[in-house]
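First the structure, in the form of structure tokens, and then the observations on it.
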Amino acid sequence: MKTEKITYQSGDKSFEGYLAQPEGDSNPCVLIAHTWAGRDAFVEEKAKLLTELGYAAFAIDMYGEGKIGTSNEENAGMMQPLLDDREELARRALASLDAVSKIDNIDASKIVIMGYCFGGLVAMDLARTGVDIKGAVSFHGFLAGPENSTNEIKAKILALHGDSDPMVGQDQIESFRQEMTSKKVDWQLHVFGGAMHSFTNPEANDPDFGAVYSKNADERSWKIFTDLLMELF
């Protein structure tokens, strides 16, 4: 396995992604969009895990210069401007796709994006640009689309959601269903009973905040995700 930091640009801002890839040529690649905390050890470990399965993986940077937050307040301060400006969010996601598509040994025709929490929204919004990627996957992510989102979605869509997630209400679920159905997308929504936000993160243990790890939901969602990768690649 080879790992390295990759610097790329979006506008006049510099971003720092984390690439892990196996030996060989023309590897399919999974982009990994981070939580509100930034491109941290959690997504870097996911990149390594995917590489052990035979895929290249690129943990993208949505904040610039590899910025990682140190508190909920700082995380929210970094994330909120992108929630308020979904066009900028999409531009940054597209820049990461462009960067990884130019990397040696990456098969640019076989790319999927997946993301966690805020990153789940990033994954969905990249697909909403109409870009030609194989799939987009959200783990306990925000699901509501931007206003006036009319682009065709070419990617296959998978949303993995905790039924007890207080941050993603039924209104988001219904708008997601309506959007995917009206756009005639090949989509799936899997709901895990009793699971809260951040159900894939073993360090999540804050029921008052609504973020709690669930071993069952974590393992089951990963199985569903990797099954989809086998289908797409």
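No lab work stands behind these numbers, since they all come straight from the coordinates. Nothing here was measured: the structure is a model prediction, and the numbers come from that model. Cβ: placed from backbone, ideal geometry, glycine included. Neighbour counts: every protein chain shown.
If you restrict to DSSP beta bridges whose two residues both lie in the stretch 15-145, what percentage is antiparallel, to the nearest 5?
Given both bridge residues lie in the stretch 15-145, the antiparallel proportion sits at roughly 20 percent.
Of the residues MET196, MET1, the one with the fewest other Cβ atoms within 10 Å heads the list, and the complete ranking is MET1, MET196. Put the Cα centre of the stretch 92-165 next to the Cα centre of the stretch 176-233 and the gap is 14 Å.
Pairs LYS2/LYS223; LYS5/LYS102; LYS13/LYS183; LYS5/LYS67; LYS134/LYS183; LYS134/LYS215: which are spaced more than 22 Å apart, C-alpha to C-alpha? Numbers along the way, then the final one.
On the way: LYS2/LYS223 25 Å; LYS5/LYS102 14 Å; LYS13/LYS183 33 Å; LYS5/LYS67 13 Å; LYS134/LYS183 16 Å; LYS134/LYS215 28 Å.
Over 22 Å Cα-Cα: LYS2/LYS223; LYS13/LYS183; LYS134/LYS215.
Which residues in the stretch 78-115 place their backbone N less than 14 Å from a point set 7 Å from the Cα of ASP132 along the Cα-to-Cβ direction? 108-111, by backbone N distance to the label point.
Model label sites at ASP40 and GLU87, defined 7 Å from Cα along the beta-carbon direction, differ in position by 3.2 nm.
The modelled label-to-label distance for the pair GLN188/THR70, using points 7 Å beyond Cα in the direction of Cβ, is 4.1 nm. Measuring nothing but alpha carbons in the stretch 5-48 and taking Rh as the Kirkwood radius, the Rg to Rh ratio lands at 1.00. Could you give me D for the stretch 170-233, from Stokes-Einstein at 4 °C and 1.567 mPa s, where the hydrodynamic radius is the Kirkwood radius over C-alpha pairs? Units µm² s⁻¹, please. The estimated diffusion coefficient comes to 96 µm²/s. Taking a point 7 angstrom from the Cα of ASP104 along the C-beta vector, which residues in the stretch 43-62 have backbone N less than 20 Å away? Flagged as within label range: 55-59. With an a/c value of 1.5 or above and a/b not larger than b/c for the gyration tensor axes a ≥ b ≥ c computed over the alpha-carbon atoms, the stretch 1-156 is described as oblate.
Counting other beta carbons within 10 Å of each residue's own, what order do LEU49, LEU31 fall into, fewest first? Could the numbers behind the result be given before it?
On the way: LEU49 14, LEU31 27.
Least to most surrounded, the residues fall as LEU49, LEU31.
Arranged from fewest to most other beta-carbon atoms within 10 Å of their beta carbon, SER149, SER14, SER198 become SER14, SER149, SER198.
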